[in-house]
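Enquirer: This is the structure I have questions about; it appears just below.
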Amino acid sequence: MSAHPANGYVTTHAAQPPVRLGHHIGGRHVVQDGGRTGPVHDPATGTIRADLCYAGKPEVDAAVAAAAAAFPAWAALPSPQRARVLFQYRELLEREQASLAELITREHGKTLADARGELQRGMEVVEFACGIPHLLKGEYSDSVASGVDSWSLRQPLGVCLGITPFNFPAMVPMWMYPIAIACGNSFVLKPSEKDPSCPLRLAELFSEAGLPEGVFNVVNGDRQTVDTLLADTRVAAVSFVGSTPVAEHIYAEASRCGKRAQALGGAKNHLVVMPDADIARAADALIGSAYGSAGERCMAVAVAVAVGDAADPLVAALAQRVRALRIGPGKQAGVDMGPLVTAGHRTRVLSYIELGLKEGAQLVVDGRDCRVAGHEQGFYLGPCLFDRVTPAMRVYREEIFGPVLVVVRAPDIGAATALINHHEYGNGAVIFTGNGRLANWFTRTVQAGMVGINVPIPVPMAFHSFGGWKRSLFGPLHIHGPDGIRFNTRLKTVTARWPDLAQSAGPDFTLPAAR
Ligand code: NAD
């Protein structure tokens, strides 16, 4: 891993004393707190890796002021020139992929392979944003009336704010800032306080790629920092990704303050297994999707809906695979699942397992006594599998966000789809079947923003948009892809006539119509 001693957040040895992490403001790492700091853990060992400065009003002011000052010149730069900086950034991300993945694994806990996958998905958004000259093309109508043309253009909003969750410290911020910045906005990111090092390094690399000072800033902190950012009148738009209660609050508060807002929330994704499906394939898909990243993914499948005769063989195939999962530190080769992000989160997930037992669900695989030799203080929890879960149970209704898969049995496809449609969340829904007509019906009927057919995680590519329905998304627009361009720009429509001054028509008191 390359060393960046000036910034301190790229360290190599867990045994080192905690480093002090600050913010990226005006192109520099600024180590200053607003009177509060918080610990950043290495979940694999349970040790404190860093002391994170939480931004107070002075730090937030400095970041927003830097972004506001940088905005006019950046917005005025022709879009092909902005694209060139993004092309350069793409190169640096490729070069640094391994060290960035290490930063993610060290603070989040996921495996290195998974961290690299997350970065790849983020880099694809940068690649999409490299096409900004094409993406910003407006519409043109020649001769909408005699001598009158009409055309449209998309202009940037100003200072955009992104608030992101712990589970994808690179990919989720990268859903937001590359597109916002390519559109000509400046950006302030408030990443999760649980794993801030990768976002800081992403900002530093953007500066290295030639991004002017102040166009991209990172301020660290918690809800108080977010409240200060939301109250700042210079912030024009807010993109949020995180849990549903916070998403709802951010959407309401940002809208109340007159800001454009989109807020992506929690999920409880279902995967329906029809009796005609290949059970082994469906079980493999469920295992990767439910337990990858220890279940800490918004697109993790948390509910397997076994239809009719599929149930018994599916539960047997799942149990066999769950018992074989290898748990350990994410940086260790051969590990399938790393620890949970914090001790507090582990306790919360454990409480759901107790609850499932109290509610009468059948715990087929119990991962509660998982121990990883040499890492006794790490935040590990083995994978758990519940069968015979019912829609009334809280382990079915609520998002657990850990390595816990619940199986619900349904008599037919109608009942399975009704389950999904009655759930409060609507992020992703998947069907495994060999019947194309049934899959087509499911696609059109199911109430979810992202649908999969015989695929484990239906995450749209960067050039499509990502978002859920119901209480998984607040606001009309999805994130990245075409909706990302719409969200980060304002539409302007121009009606233009260049008259022959010698032929004045005099005033017209009727609403102009085409003639
Ligand atoms: P979280 O809601 O606790 O935190 C998200 C961000 O909001 C963090 O930056 C945090 O500092 C800030 N925050 C927390 N509480 C706040 C408050 N009261 N006021 C203002 N800001 C606050 O989420 P998390 O635990 O970091 O992430 C997990 C959640 O994110 C899960 O619910 C998961 O489903 C969701 N998620 C959703 C998507 C999606 O695309 N829909 C993607 C990733 C994660």
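Enquirer: Leaving out ligands and nucleic acids, and using a 1.4 Å probe, what accessible area per residue does the stretch 269-453 come to in Å²?
Expert: Here the per-residue accessible area is 39 Å².
Enquirer: Something else now. What is the total of Lys pairs in the chain with C-alpha atoms under 26 Å apart, excluding same-chain pairs fewer than 8 positions apart?
Expert: For the chain, qualifying lysine pairs total 18.
Enquirer: For the stretch 60-219, what is the accessible area per residue in Å² when the probe is 1.4 Å?
Expert: Accessible area per residue, the stretch 60-219: 31 Å².
Enquirer: Between S351 and R28, how high is the FRET efficiency from 1/(1 + (r/R0)^6) when r is the Cβ-Cβ distance and R₀ = 45 Å? Nearest 0.05.
Expert: Details: r = 42 Å, r/R0 = 0.94.
Approximately 0.60, to the nearest 0.05.
Enquirer: Quick check on the chain: helices-only [θ] at 222 nm, where DSSP H runs of length 4 and up contribute -39,500 (n - 2.57) each and the sum goes over total residues. Nearest 500, please.
Expert: Numbers: 16 runs with 191 residues, N = 515.
Value at 222 nm, helices only, nearest 500: -11500 deg cm²/dmol.
Enquirer: Percent of accessible area on the chain owned by carbon and sulfur, 1.4 Å probe?
Expert: Ligands and nucleic acids excluded, carbon and sulfur reach 54 percent.
Enquirer: Amide H to amide H under 5 Å from Q32: which residues, 5+ apart in sequence or cross-chain, H placed 1.01 Å off N in plane?
Expert: Close amide H contacts, sequence-distant or interchain: H23.
Enquirer: Can you tell me the 0 to 90 degree angle between the C-alpha axis of helix 79-95 and the longest principal axis of the chain, rounded to 10?
Expert: Relative to the chain, helix 79-95 is tipped by roughly 30 degrees.
Enquirer: Turning to a different aspect of this structure: So for the pair A319, Q97, with labels modelled 7 Å out along Cα→Cβ, what separation do we get in nm?
Expert: Using points 7 Å along Cα→Cβ, the separation is 4.0 nm.
Enquirer: If you don't mind, there's one more thing I want to ask. Apply the a/c threshold of 1.5 to the C-alpha gyration tensor of the chain and tell me whether it is rounded, prolate or oblate.
Expert: It is oblate, given that a/c is not under 1.5 and a/b is not larger than b/c.
Enquirer: What is the helix-to-structure angle for 171-182, meaning the angle in degrees between its Cα long axis and the longest Cα principal axis of the chain, kept from 0 to 90 and rounded to the nearest 10?
Expert: 10
Enquirer: For A410, enumerate residues with amide H under 5 Å from its amide H, sequence gap 5+ or separate chain, H modeled in the peptide plane.
Expert: HN-HN under 5 Å from A410: A306, V307, G308.
Enquirer: Tell me the angle of helix 97-108 to the major Cα principal axis of the chain, expressed in degrees between 0 and 90 and rounded to the nearest ten.
Expert: The helix 97-108 is inclined about 60 degrees to the chain.
Enquirer: Calculate one ³J(HN,Hα) per residue across the stretch 122-134 by plugging θ = phi - 60° into the Karplus curve 6.51 cos²θ - 1.76 cosθ + 1.60, and present them in order as whole Hz with x for glycine and proline.
Expert: Here the 3J(HN,Hα) series is x, 5, 5, 6, 4, 4, 4, 5, 4, x, 4, x, 6 Hz.
Enquirer: Which FRET efficiency value, to the nearest 0.05, do you get for F509 and D142 by plugging their Cβ-Cβ distance into 1/(1 + (r/R0)^6) with R0 = 25 Å?
Expert: 0.35
The values are calculated or read from the model by the stated rules, or taken from the named source; none is laboratory data. Quantities reported herein were computed from a predicted structural model and do not represent experimental measurements. Glycine also receives a Cβ, built like all others from the backbone with ideal geometry; neighbour counts cover every protein chain displayed. Only protein heavy atoms, including side chains, enter the accessible area calculation; ligands, DNA and RNA are left aside. Shrake-Rupley method; radii C 1.70, N 1.55, O 1.52, S 1.80 Å.
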